[in-house]
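Data first, discussion second: the structure below is written as structure tokens.
All of the numbers you see were taken from the coordinates with simple rules; none came from a lab. The structure displayed is predicted, hence computed values, not measured ones. Heads up, the Cβs are rebuilt from the backbone with ideal geometry, glycines too, and the neighbour counts pull from every protein chain shown.
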Amino acid sequence: MRRHRAQLTSGRARGLAALVATLAVLAGCSSNPAREPPPPTPEQTQANVVKYGVEAQLRSLGSAVTGKVRVYDQGDGVRVLVSVINMPDVRFRIAFHEAPNCSSPSGFAVGPHWAPGGRDARNLVPVLSTNQDGTGETSLHVSGVRVSGPDGVQGHSVIVYTGDRVTDAVSGVANNRVACGTFTPVQPFAF
């Protein structure tokens, strides 16, 4: 009987020791919260721009239009990926603009249209189209434009226009500009 009690007590002691060890490990984990990775250095950011490109989250300009425009270097130009939802018209245009500023309700703060090397900024990107439900995704190549550098879209903005024409904005006046975004480096996925 004493031997049975000793075995029982010994088994409980081992179980209690295992429980204490498990709790100690769990307590250690909870006292060391996961650390956020440090922000990228300017060199890392520029390396990401070269590798992944830039993107602009589109915000509405007095419309329900939202989406994203991503640009990355490809061959003699860039690949432009456009994704829009809630477009009021099936046909639309995008154009790059001088200033990375989408703060005005009419898109006036983006400044004049921009294109590298004396090219016509109004016709740099062709007319695009959406589905009948106002959603659209497209991919196109634009020659002569780069992601960064003097011919690059980095540090500029993009405007989405309804219809076939890229027009000038007049401060405080309604126009065909329905969404705006400023280009920022694409952030790669990190796990």
Self-check item: Selection within region 116-151 - hydrophobic (A, V, I, L, M, F, W, C) and in contact (Cβ under 8 Å) with a residue 40 or more places away in the chain
Solution: ALA121, VAL125, LEU128, LEU140, VAL142, VAL145, VAL147
Quiz item: How many residues, within region 86-119, are farther than 21 Å from GLY144 by Cα and either out of contact with any strand residue (DSSP E or B) (no Cβ under 9 Å at 6 or more places or on another chain) or among the polar types (S, T, N, Q) (or both)?
Solution: 6
Practice problem: Looking only at region 108-129, count how many residues are surrounded by 15 or more Cβ atoms within 10 Å (Cβ to Cβ) and in contact with a Gly (Cβ under 9 Å, 6 or more places away or on another chain). | Solution: 6
